[in-house]
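Here the structure is laid out as structure tokens; the discussion comes afterwards.
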Amino acid sequence: MSVFFLTLRLLAVYFGTAVAILYFAHRWVRRVPLSVGIFLSLAPLLLVGRALITSGVYAPLDIAYRAPPLSAHADLLGTTEVRTPALGDVVYQMIPFRKAVREAVKNRRLPLWDRFILGGEPLLAAQQPAALHPATWIGFLLPLAQAWTFEMALRFFLALLSGYLFLRDLSCGELPSLIGAAGWAFSDYLVFYAGYPHLAAAAPFPLLLLGLRRIARERSGLGVALTVVGFLLIVTAGHPETLLHSVAAGGIYFVYELAVAGRGNRLRPALLSFAAGITAFGLCAVLLLPMLEALPHTQEHFLRRGYYAHVHKSVPIQESFQQLLPTAMPYVFGISGKGKVLEGFLEPSSYAGSTLWPLLVLGLLGSKRERYLLLAIGSLGILMRSHFPIVTDAVSALPFFDIALNERMAFYGSFATAALAALGAEKLAQEGSRRGLIAAAAGALLLLITLGLANAKKVPGDMPPSYLSFRFLAQLVPLVLLAALGFAFSSRRFGQFALGAILLILLTQRNLEEGRLYPTYPSRAFFPHLESVSKIPRDVPARMTAVGFTFLPNIAALYEIEDVRGYEAMTFRPLFETYPLWCVHQPVWFNRVDDPTKPFLSFLNVRYVLAPPGFTPPAGWRTLFEGSEGLLLENPMALPRAFVPRSFRCESDGSRRVALLQEIQDFGEKGVVDKCRSPIMQTGDWRANGHASVDVQSYRPDQMTLSIKAIEPSLVATSVTAWPGWKLELDGSKSELVGYNHAFLSFRVPPGRHTAVLRYWPSSFAAGLAISAATLSALVLLQLFRRRRQRAVRQPPKPTLDRL
């Protein structure tokens, strides 16, 4: 019964949200017929339907069950087989990030700080947690497992609706627009990245183009509003690269619209677009400024700016042509879960279904002038995905593009394919081009068979032949059916029937090709209770880690446990530089801990260690749990989150600091300070610290209150990572923080009793909040003034004595 009501709750939230969005679209953008609204709302069920109607989880949870402690439950929960290993980031990053946001809000904190990974990381500034995206907050109406499924369905819905509205504005009919919208929403790129911020950020891309189109053509406030809404949805989705690529393509599209607008019709649209940009950036300042403050301190920024920006990103033309092949045959170089995938072909191409190919050809042969622009944008995305020479080099030389992964512009190709196919479907509807459809379908068949025969030997040998045959037939059969449907256009009466059949063929094909990419699991498989970690207290400042591949990060977040390991797109560079002291860096994955007795782990406040079954506990360590899930051990050497070291040394050079830290065996005895006040302390000698004691009076992840009793001037050390944004108040007054042990914070206290409050409150967030609030207030006042002025114009003049 509880599952039944949970399903009703999930369906109510999803369809309620969809109906609300459709109402606003119908009210403010363009009329949406009831039948179209029903289709757009139901179409996401093509992929997410099973999860929606069973209150299940549309996510690759099976990946999390590959290692203990969850592997002990894999047989019971049916998660032993990993369907798509390439989707690991969904369970190792995206779902834990959502948990971190919800945990902060549940405990009445702003979602600024993620306490669950790497000793603490910025949450809002990291972007990927999508802390301010509307879907994240609507999801609070549901448990996290169902909220995740709701988000997945809503992302596809927004992609469908955005594509439909844009194509209708191109004067495509209802069915052609739905064909294009379905091709866009269910393209390989969007489906693969369903659980990533990529889909959430790319889904509103057509809405952004629609807003810019309305600005250029109608020169109205509605176009500005649509542009701002599209921009906000992209920004809050949490993927800055997609934001960059969307804005770039939007700029190209807007320049085109201005070019065809004619002389005398360009100044006002240009000013309106500028106003839209200023408004959008003003509203997003609360999100963008914290990212800009944190980004220069990350290892990822250091690598991309110092190395990746200078790498030659194009490949020889022959290799580039080879990389173009997955645009037509996405399985030719391997599919995750179906054998080995050749290097460089894991991420999706621009493929959106062979059903669209004949329609695309008809669209290019049509009379719509937008077809040339769509062809140019789509070709740019496809060429960037294949690292084509000259084009890739030119784009990658531009500011910001030099550090971006520009192969992800592949979604340009997906969108252009779908839009051109919609134009082709409209041509069929208007002209009944029976022979054109038959010829285009026959040509596509010939191309597909030729490519299949020419590249048969390139397919990885471990791909099951039955799967390869299935994928080839899934492309071949729709083309045969489209050729057969061409005869339905011999009479105008059968035109709508044929378009409806094409839409059905496209949906069926995409379900066959991508329907099993993401599995659906019952909600009981969504990170069930683990006895092995139940003894770790959640309300005290104590961290944990795990040995080897046990309890893979960032799964600890789902159990509200603070793990010093982590897998993040923004890693604090000074912390990264301490990795040799306590863990093993794994490229594009988490930092593995092999030896839990490393002294630096004790400094990091690691009191609890989860080890795999059969692990031999270190001497003197207490075993809190032992079973099939593994062993939970307690580290007797763990230092508190804040403590007073017995001695310290000042070292301003970073590399020298790390070298000194490698020599320390007891971090309760010694520590290294980044800078010292007195010149006498610059000698490099170890200096005895003052006598003092520290107690944690109250603890919150973003704020810690310390009670300090100092007999003489003392240095108080912490294992709080020194991200910009931490502030210190000592006895109610602002005080200075000092770098400690290269990546952490410390401060000095005079003799006496003191209360110290360490709080994470970035200045960038405060400034961004002020700018966003001011922008929102200005918009509200402007709207009130506009309505008042409209009422004054409509109100008849009052009678006067002269008129009487």
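The values are calculated or read from the model by the stated rules, or taken from the named source; none is laboratory data. Owing to the predicted nature of the structure, the values given are computational and were not obtained by experimental measurement. Every residue, glycine among them, receives a Cβ derived from its backbone with ideal geometry; neighbour counts consider all protein chains shown. Only protein heavy atoms, including side chains, enter the accessible area calculation; ligands, DNA and RNA are left aside. Shrake-Rupley method; radii C 1.70, N 1.55, O 1.52, S 1.80 Å.
Ranked from largest to smallest solvent-accessible area, with a 1.4 Å probe on the protein heavy atoms, 138, 215 come out as 138, 215. Per-residue accessible area (protein heavy atoms, 1.4 Å probe) orders 753, 543 as 753, 543, starting from the largest. Farthest toward the positive end of the dipole of the chain, out of 742, 473, 532, is the Cα of 473, where the dipole comes from beta carbon charges about the Cα centre. Amide H to amide H, with H built 1.01 Å from N, residue 631 comes under 5 Å of 611, counting only residues 5 or more places away or on other chains.
Taking the dipole about the Cα centre of segment 36-176, with the C-beta of Lys and Arg at +1 and of Asp and Glu at -1, give me whichever of 85, 141, 172 is farthest to the positive side. The one lying farthest along the dipole's positive direction is 141. Dividing the mean sequence gap of close Cα pairs (under 8 Å, 6+ apart) by how many residues segment 103-163 holds gives a relative contact order of 16 percent. Each residue of segment 765-777 was assigned a 3J(HN,Hα) from its phi angle through the Karplus curve 6.51 cos²θ - 1.76 cosθ + 1.60 (θ = phi - 60°); the sequence is 5, 4, 5, x, 4, 5, 5, 5, 5, 5, 5, 5, 4 Hz, with glycine and proline shown as x.
Here residue 338 is the anchor, and the lysines within straight C-alpha reach of less than 30 Å, apart from those fewer than 8 places off in the same chain, are 313, 457, 458.
Taken as Cα centroids, segment 186-261 and segment 78-136 sit 25 Å apart, rounded to the nearest whole angstrom. The angle between the Cα long axis of helix 434-454 and the longest principal axis of the Cα atoms of the chain comes to about 40 degrees, rounded to the nearest 10. Taking every protein chain into account, the 1.4 Å probe leaves residue 531 with about 80 Å² of accessible area, to the nearest ten.
Ligands, DNA and RNA are left out, and with a 1.4 angstrom probe the accessible area of the chain is 41 Å² per residue. Each of 245, 425, 505 was placed along the dipole of the chain (beta-carbon charges, centred on the mean Cα), and the one lying farthest toward the positive end is 425. Surface composition of segment 607-749: carbon and sulfur atoms hold 48% of the protein heavy-atom accessible area at a 1.4 Å probe. Of the solvent-accessible surface of segment 279-435, computed with a 1.4 Å probe over protein heavy atoms with every protein chain present, carbon and sulfur atoms account for 65 percent. In percent, what relative contact order does the chain have, based on Cα pairs under 8 Å that are 6 or more apart in sequence? It rounds to 14 percent for the chain.
For segment 1-127, the alpha carbon convex hull comes to 184 Å³ per residue, rounded to a whole number. About its Cα centre, the dipole of segment 157-251 is roughly 300 debye, where the only charges are +1 on Lys and Arg Cβ and -1 on Asp and Glu Cβ. Counting only alpha carbon atoms, the long axis of helix 144-169 and the longest principal axis of the chain meet at about 40°. Of the accessible area of segment 181-254, computed with a 1.4 Å probe over protein heavy atoms only, carbon and sulfur atoms account for 75 percent.
Along its first, second and third principal axes, ordered by size, the chain spans 95, 93, 60 Å in Cα coordinates. Taking the square roots of 5 times each eigenvalue of the Cα gyration tensor of segment 5-54, largest first, gives ellipsoid semi-axes of 23, 12, 7 Å. Ranked by the mean number of other Cβ atoms within 10 Å per residue, highest first, peptides 463-473, 242-252, 589-599 order as 242-252, 589-599, 463-473. All other residues whose Cβ lies under 14 angstrom from that of residue 360 are scored, Lys and Arg at +1 and Asp and Glu at -1, for a net of +1. Charging the Cβ of each Asp and Glu at -1 and of each Lys and Arg at +1, and nothing else, the dipole of the chain about its Cα centre rounds to 3240 debye. Place a point 7 Å from the Cα of residue 646 along the Cα-to-Cβ direction; which residues of segment 585-623 have their backbone N under 19 Å from it? What the label zone holds, given the 19 Å backbone N cut-off, is 599-605.
Summing charges over all other residues whose Cβ lies under 10 Å from the Cβ of residue 347, with Lys and Arg as +1 and Asp and Glu as -1, gives 0. Taking the chain as a whole, the Cys residues whose C-beta sits 4.7 Å or farther from every other Cys C-beta are 172, 284, 583. Helix 267-283 and the long axis of the chain differ in direction by around 30°, with both axes built from C-alpha atoms.
Amide H contacts of residue 584: 592, 593, 594, each under 5 Å away and 5 or more positions distant or on a separate chain (H built 1.01 Å from N in the peptide plane; Pro and chain starts excluded).
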